[in-house]
Amino acid sequence: MRLMEQGLRVAIPYGQTKGLDLLVENKHKKWRRIQVKSAQKKPDGRYRVHLVQGNPSSGRRRYINKEFDYLIAAAPDDDKFWIFPFSFIKGKSCLSVSPRREEGWKLLEK
């Protein structure tokens, strides 16, 4: 797992953890709440990341209440992962990410 390759400790929460997929501890012993979303490659080479929770039958909603600290957009088939702080994605419904964008692992070291 790429998180562990970066020297981070990873914990998977137990039970219903709305908006939270992982907990990550950095070298400063600080825990970060992580939401993971898949990134789909588009024909133009960019990646689309949908930033809503829920499903069509129960309703979808954007993240607005800081349910997590960072979002990891993952395209594991292409070995690409991008880190975004919650403040960057707050209220958005999707992202379009360039494959050349820096992954941003250093954000988790703070």
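Some notes on this structure:
- Counted residues, the stretch 57-84 - those being within 16 Å of residue 19 (Cα to Cα), of a type outside the set (A, V, I, L, M) and surrounded by 17 or more Cβ atoms within 10 Å (Cβ to Cβ): 5
- Screening the candidates 66, 27 for the property of being part of a loop (DSSP other than H, G, I, E, B), more than 16 Å from residue 1 (Cβ to Cβ) and in contact with a Phe, Trp or Tyr (Cβ under 8 Å, 6 or more places away or on another chain) yields one hit, 66.
- Condition met for residue 63 (modelled with pLDDT under 95 and in contact with a helix residue (DSSP H, G or I) (Cβ under 8 Å, 6 or more places away or on another chain)): yes
- One residue stands out in the stretch 1-25 among those that are in contact with a strand residue (DSSP E or B) (Cβ under 7 Å, 6 or more places away or on another chain) and small (Gly, Ala, Ser): the one that is surrounded by the most Cβ atoms within 10 Å (Cβ to Cβ), namely 19.
- Some residue of the stretch 98-106 being under 17 Å from residue 3 (Cα atoms), at pLDDT 95 or above and within 12 Å of the chain's Cα centre (by Cα): no
The values are calculated or read from the model by the stated rules, or taken from the named source; none is laboratory data. All of these numbers come straight from a predicted model, not from anything done at the bench. All Cβ positions, glycine included, derive from the backbone under ideal geometry; neighbour counts span all protein chains shown.
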